[in-house]
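K.L.:
One structure follows; several queries about it will come next.
The values are calculated or read from the model by the stated rules, or taken from the named source; none is laboratory data. All values reported here derive from a predicted model rather than from experimental measurement. Backbone-built Cβ (ideal geometry, glycine too); neighbour counts: all protein chains shown. Remember, those area values only see protein heavy atoms, side chains included, never the ligands or the DNA or RNA. Shrake-Rupley method; radii C 1.70, N 1.55, O 1.52, S 1.80 Å.
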Amino acid sequence: MSRVFRLPPTAPKRRETPVPAAGPTAAGDTVRRPGIIAGFLSPHPPHLIYGENPPQNEPRSQGGWEVLRWAYDRLRRRIRDVHRPDVLIVHAPHWITMVGHHVNCVPNPRGVSVEPIFPHLFRYHYDFRTDVPLAEAIADEAADLGLVTSKMRDPGVRVDYATIGALHMVNPAWDIPVVSLSANNNPYFYSDASLGEMEVLGEATRRAIERTGRRAVLLGSNSLSHLHWHEEPGLPEDMEREHPYNNHQYRWDMKLLETIRQGPTSRLRDLIPEHIEATSSETKAGSLTWLLAAMGWPEVAGDVLGYGTIIGTGNAVVEWTPEATHG
């Protein structure tokens, strides 16, 4: 069914996109090569921001979900001290577009993002910069590869909470430009929909990054197992109430994560659909497949920085660094 939203590929057009000049490097730095320098599985449950109490979020908490939040602390240090990217590119499942793949090309999105199920946890004031040339390049490359694609230019667009949640948890300073991609979520409605389009979108993303000369970090913002509680405790951050939805969901999350830890990522091509079928995994929106496809399904293991549950759903923070294959 997902093929309904894919057009026959056209001959690739020669596109000229300005390549930014290389920035200064510190003494002793190696050459900062452009391309995809890292990819992270970066889940977005609003509880993580709620537990952190950043000034941008209106609700206040007593903490909670520390294991996952500490995993994000490690991720932030790697972003700041090791990767130092030009741009963060995020694909999240709650900017839902039923026809085609949309790319946010608004230069400075600003507003309030509210989680519709947990508005008492997440009312977040955002203000960030978009890497518009790269966003346009991704949309152009995707269209050339036959995907139905649209460039979002409405300055009043309200950015979804999953995109905001993932970006805040990775870079709360918001000092790195962003590109955000929509989720063409027909998999939520057609159980036989393929993840194949997400591989094409990943290839388009990689081509655009290389053409523009960016150093990019990719964020695939999915939870893992996704069955969850339907009643919230009186105190949302009461960790006595936090545990896996059931053992079946937990065991399947461990099977997926053990495969990630062992590598190579090509083994996940078959396992991700099995995991979706077994756990109603949020990876059916395609963010994880997009991320790994953009990196070329690298022959490396993933580094699982942390795993924990949120309202019973499984969530993992994972890093892949394809440059690790170069020694």
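K.L.:
What is the sum of charges, Lys and Arg at +1 and Asp and Glu at -1, for the other residues whose Cβ falls under 12 Å from the Cβ of V304?
P.N.:
Net charge in that neighbourhood comes out at -2.
K.L.:
Quick one: net charge around V112, please, counting Lys, Arg +1 and Asp, Glu -1 for every other residue with C-beta under 13 Å from its C-beta.
P.N.:
Values: positive: R110, R123, R158; negative: E58, E115, D127, D160.
Here the charged neighbours net out to -1.
K.L.:
Continuing with the same structure: Comparing A278, A135, A162, which has the greatest mean-square fluctuation in the GNM of the chain with Cα pairs linked when under 10 Å apart?
P.N.:
A278
K.L.:
At 10 °C and 1.306 mPa s, grab the translational diffusion coefficient of the chain from Stokes-Einstein with a Kirkwood Rh over Cα pairs, rounded to a whole number in µm² per second. Let's see the in-between values first.
P.N.:
Working: Rh = 19.9 Å.
For these conditions, the coefficient is 80 µm²/s.
K.L.:
Please figure out what share of the DSSP beta bridges in segment 21-174 is antiparallel and state it in percent, rounded to the nearest 5.
P.N.:
Close to 60 percent.
K.L.:
So if I take the centroid of the Cα atoms in segment 131-158 and the same for segment 291-316, what is the distance between those two points in Å?
P.N.:
Their Cα centres are 26 Å away from one another.
K.L.:
Helix-derived [θ] at 222 nm for the chain: sum -39500 (n - 2.57) over DSSP H runs of at least 4, divide by residue count, nearest 500?
P.N.:
The helix-only estimate for the chain comes to -9000 deg cm²/dmol at 222 nm.
K.L.:
Is the C-alpha gyration tensor of segment 131-248 telling us rounded, prolate or oblate? Criteria: a/c under 1.5 is rounded; beyond that, a/b larger than b/c is prolate, otherwise oblate. Numbers along the way, then the final one.
P.N.:
Working: a/c = 2.33, a/b = 1.58, b/c = 1.47.
Taking the square roots of the gyration eigenvalues as a ≥ b ≥ c, segment 131-248 is prolate.
K.L.:
Under a 1.4 angstrom probe, counting protein chains only, how are W70, W252, W297, W290 ranked by accessible area, largest first?
P.N.:
Values: W70 150, W252 55, W297 20, W290 0 Å².
So the residues, ranked largest to smallest area, are W70, W252, W297, W290.
K.L.:
Can you give me the % of accessible surface on the chain that is carbon or sulfur? Probe 1.4 Å, all protein chains present, nothing else counted.
P.N.:
Details: 7440 of 14170 Å².
Looking at the chain in its full context, I get 52 percent from C and S.
K.L.:
Right, another one. So how much accessible area does H243 have, in Å² to the nearest 10, using a 1.4 Å probe?
P.N.:
Accessible area of H243: about 80 Å².
K.L.:
Could you state the per residue volume, in Å³, of the convex hull enclosing the Cα atoms of segment 234-327?
P.N.:
Value for segment 234-327: 104 Å³ per residue.
K.L.:
Another question about this same structure. Based on Cβ point charges of +1 for Lys and Arg and -1 for Asp and Glu, what charge dipole magnitude is obtained for segment 45-162 about its Cα centre, in debye rounded to the nearest 20?
P.N.:
The dipole of segment 45-162 has a size of about 420 debye.
K.L.:
Let me ask something else about it. Taking K and R as +1 and D and E as -1, what net charge do the other residues with C-beta under 14 Å from the C-beta of H94 add up to?
P.N.:
After counting each charged neighbour, the total is -1.
K.L.:
In addition: Just the number please: accessible area per residue for the chain, 1.4 Å probe, all protein chains included, in Å².
P.N.:
Here the residues of the chain average 43 Å² of exposed surface.
K.L.:
Moving on to the next point. Which residue fluctuates most in the GNM of the chain (Cα springs below 10 Å): Y126, Y161, Y50?
P.N.:
Y126
K.L.:
So if I place +1 on the C-beta of Lys and Arg and -1 on the C-beta of Asp and Glu, and nothing else carries charge, what would the dipole magnitude of the chain be about its Cα centre? I want it in debye, nearest 20.
P.N.:
Charge dipole, the chain, about its Cα centre: 920 debye, nearest 20.
K.L.:
Within segment 95-151, what percent of beta bridges assigned by DSSP are antiparallel, to the nearest 5?
P.N.:
Here the antiparallel bridges make up roughly 60 percent for segment 95-151.
K.L.:
Here's a follow-up. Of E319, E277, which has the most accessible area and how do the rest follow, probe 1.4 Å?
P.N.:
E277, E319
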